[in-house]
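Only the coordinates and a few stated rules stand behind these numbers; no lab work does. Please read these numbers as outputs of a predicted model, since none were measured by experiment. Cβ: placed from backbone, ideal geometry, glycine included. Neighbour counts: every protein chain shown.
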Amino acid sequence: MATADDQFYREYILDHYKNPRNYGRLEHPDISHEEDNPLCGDVVGMDFRVSDGVIEDIRFHGRGCAISQASASLLTERLKGLPLEEAKKINKDDVLGELGIEISPARIKCALLSLKVLKVGAYGLADEDEE
Amino acid sequence: MAIQTFDVATIRKDFPIFETGIAYLDSANTSQRPRQVTGAMLEYFEKFNSNIHRAAYRIAEEATVRYEATREKVRAFINAASTKEIVYVRGTTEAINLVAYSWGRKNIKQGDLIVLTILDHHSNIVPWQILAAEKGAQIEYVDIDEKGELRQDQLAELLKRGPKLVAFNLVSNAMGTINPAREMVAAAKKAGATVLVDGAQSTPHQPVDVRALGCDFYAFSGHKMLGPTGAGILYGRRELLEAMDPFMAGGDMIKTVRIEGTTYHDLPWKFEAGTQAIAEVIGLGAAVDYLGGLGMDAVRAHELEITEYAYESLSDIDGLTVYGPPPSRRAGVISFALEGIHPHDLATIADRDQVCLRAGHHCAMPLMTRLGIPATARASFYVYTQKDEIDRLVTSIKEAQRIFA
């Protein structure tokens with residue numbers, strides 16, 4: 001049982017949860033957006049500074065479970081320095097792949113909350129379901 | 001008189017699901033069902049499956065008799081005066097919606113006051129919000145004190161304003177608080193209010209006597225008391241039900257239908273339109289029989305013992321906060337938070353050990369907001385819960401603390 005847990009909460013996911021990268025707020029961001037998952041109370045918000053179509057700087061804030069917060073931290077690492085056009089191509093499989101663990105249907109909303117922030121906030125896509 | 005007790009190990013043999021090895025700590029959400037319940041439903045499907053109230057052949061008569069037999073069982077179980085006061089619904093949610101629609105639309109007017117509590121489940125909040133918005137009525141919520149118990153002083157103040165309706169749960173699903181329902185109903189009735197008691201979390205776990213309680217409406221679900229989903233009960237005092245219009249309209253709830261107009265069926269069928277959840281109602285009857293066999297005083301005594309054990313076991317864990325009152329004033333529900341570990345992460349880790357634990361806002365978002373937390377983990381118990389399952393929960397919690405250390 002312990003090994004299964006350890007596998008689920010892999011060391012680097014716990015690391016991103018406990019020591020989130022790019023955590024905080026940007027002053028005068030070009031884009032700022034927040035989403036929540038009312039079912040479990042997870043919140044993720046992101047601030048973007050965009051210059052010449054490139055995400056020059058990014059910060060995220062929020063609270064919630066390890067999966068939602070680690071997922072947001074991992075996503076900011078990937079987004080920093082990326083052209084917005086490239087960022088638009090990131091999909092749910094990329095995000096789940098990066099987490100690298102099997103996510104149960106009950107937790108999929110936790111894992112994809114940060115992607116929703118990116119989609120709705122950074123390029124104005126309507127709130128779309130995971131499927 | 002000493003309370004008759006029962007042997008949990010024997011009871012568990014009636015619940016095949018425990019052969020899977022799960023520790024089931026989510027009975028406030030939905031209970032497990034014994035063979036006696038599933039067996040009664042299966043018997044209907046295999047031996048007299050047919051529609052009720054309308055066919056002349058023998059198996060349909062059998063189905064009708066079994067379906068109607070549940071009404072008398074439920075009447076006796078909650079000590080209602082008549083089976084006319086026992087309306088079949090899908091569950092507590094439908095029962096409250098029925099009252100909000102059929103009683104509320106006739107009786108709540110602009111400027112009227114509705115009193116609810118911060119402990120209420122969404123199903124006892126949202127129907128009233130919709131009604132209040134439609135009618136221009138007002139809603140006030142009784143707050144809790146530091147111990148998680150309703151502020152009776154605040155209720156008394158609100159009652160001075162002459163509310164039309166007071167609605168509250170007898171037991172909080174989110175914290176387990178047992179509210180002093182008898183006193184609250186008496187005070188509300190004295191103030192001239194109609195009173196609805198949400199019995200979803202009390203009916204499965206303690207003796208209920210609606211006449212002693214004195215409320216006008218009492219709602220509960222079968223699936224939290226060993227019965228199947230899809231069958232629940234609305235109790236209503238006869239004169240109130242008589243004066244109400246139907247909720248759903250269609251077949252079976254009428255006496256005569258003519259192009260010029262329709263006359264409605266007698267109570268309780270006036271509120272039971274369309275083909276009913278026949279197997280589920282029969283299953284609910286079997287569940288009432290099962291609980292009656294155990295004795296509701298014995299059920300409460302067993303749950304109190306488990307709750308005290310769990311309360312002590314959990315309180316011993318560093319970084320764990322239990323919400324709500326001490327075991328003597330709570331039902332078999334313990335909501336708690338772990339420092340640094342989100343309830344969903346705990347529930348996922350517990351699930352790896354086959355421990356079924358609820359995590360979330362428990363359909364009580366106003367209460368979560370009041371407590372300043374997004375969610376809690378919740379363990380809840382029933383007739384089949386044994387101490388070993390609490391020990392397994394404690395092991396899972398310690399495992400989560402090790403992983404997140």
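Odds and ends about this structure:
- Computed over chain A, relative contact order equals 26 percent, with contacts defined as Cα pairs under 8 Å that lie 6+ residues apart.
- Mean residue ellipticity (222 nm) of chain B, computed from DSSP H runs ≥ 4 via -39,500 (n - 2.57), nearest 500: -11500 deg cm²/dmol
- The gain in end-to-end length when the B:T263 to B:K147 segment is fully stretched comes to 36.6 nm, 0.36 nm per residue minus the alpha carbon separation.
- Restricting segment B:196-262 to GluC sites (Glu not before Pro) that sit in a DSSP loop and have at most 14 other Cβ atoms within 10 Å of their own Cβ leaves B:E260.
- Per-residue ellipticity at 222 nm computed for chain A from its helices equals -10500 deg cm²/dmol, with DSSP H segments shorter than 4 residues left out and the rest contributing -39,500 (n - 2.57).
- For residues of B:157-169, the mean tally of beta carbons on other chains within 10 Å: 0
- Alpha-carbon geometry of segment B:38-293: the Rg and the Dmax are 18.7, 61 Å, given in that order.
- Computed FRET value (nearest 0.05) for B:A301 with B:R35, which takes r as the C-beta separation and R₀ as 25 Å: 0.55
- Net lengthening on full extension, B:K47/B:K398 (0.36 nm per residue, minus Cα-Cα): 121.4 nm
- Efficiency of FRET from Cβ geometry, A:D93 and B:A55, R₀ 60 Å, rounded to 0.05: 0.65
- Counting neighbouring Cβ atoms within 10 Å and putting the fewest first, the residues B:H121, B:H344 line up as B:H121, B:H344.
- Inter-label distance for B:A81 and B:L240, nm, one decimal - labels placed 7 Å from Cα along Cα-to-Cβ: 1.3 nm
- For segment A:2-123, the fraction of alpha-carbon pairs in successive 10 Å shells from zero, as %: 14, 49, 30, 7, 1
- Taking other C-beta atoms within 10 angstrom as a stand-in for reagent exposure, A:E86, B:E46 fall in the order B:E46, A:E86, fewest first.
- Legend: mean number of C-beta atoms from other chains within 10 angstrom of residue C-beta atoms, peptide B:337-348, equals 5.
- Listed residue pairs exceeding 20 Å between alpha carbons, taken from B:K84/B:K109; B:K13/B:K387; B:K164/B:K190; B:K84/B:K190: B:K84/B:K109; B:K84/B:K190
- Proximal aspartates and glutamates to A:K18, defined as alpha-carbon separation beneath 15 angstrom and excluding residues fewer than eight positions away on the same chain: B:E339, B:D345
- Span-like helix check, chain B: qualifying full DSSP H segments, with Cα axial length of 24 Å or more and mean Kyte-Doolittle of -1.0 or more, are B:58-78, B:278-294, B:296-315, B:387-404.
- Qualifying lysines (Cα of each under 17 Å from Cα of A:K119; at least 8 residues distant if same chain): A:K80, A:K88, A:K89, A:K92, A:K109
- Between A:L39 and B:I317, the distance separating the two model label sites (each 7 Å from Cα on the Cα→Cβ line) works out to 2.3 nm.
- With contacts taken as Cα pairs under 8 Å at a separation of at least 6 residues, segment B:35-74 carries a relative contact order of 28 percent.
- Relative contact order of chain B: 23 percent, from C-alpha pairs under 8 Å at least 6 residues apart in sequence.
- Cα-based shape type of segment B:182-316, given that a ≥ b ≥ c are square roots of the gyration tensor eigenvalues and the cut on a/c is 1.5: oblate
- What the Cβ-Cβ distance of B:E72 and B:A405 gives, at R0 = 60 Å and to the nearest 0.05, is a FRET efficiency of 0.60.
- With neighbour counts taken as other beta-carbon atoms within 10 Å, the residues B:T20, B:T93 rank, fewest first, as B:T20, B:T93.
- Each Lys and Arg adds +1 at its Cβ and each Asp and Glu adds -1 at its Cβ; summed about the Cα centre, the protein assembly as shown shows a dipole of about 1800 debye.
- Whether segment B:265-337 is rounded, prolate or oblate, judged on the alpha carbon gyration tensor where a/c under 1.5 counts as rounded: prolate
- For segment B:246-405, the convex hull spanned by the alpha carbon atoms encloses 178 Å³ per residue.
- Converting phi to 3J(HN,Hα) with the Karplus coefficients 6.51, -1.76 and 1.60 and the offset θ = phi - 60°, segment B:199-215 yields x, 4, 9, 9, 4, x, 10, 8, x, 10, 9, 5, 6, 5, 5, x, 7 Hz in sequence order, with x at every glycine or proline.
- Shielding by partners, peptide A:31-40 (average Cβ within 10 angstrom, other chains): 2
- Where the Cα pairs of the protein assembly as shown fall when distances are cut into 20 Å bins, in %: 20, 46, 30, 4, 0
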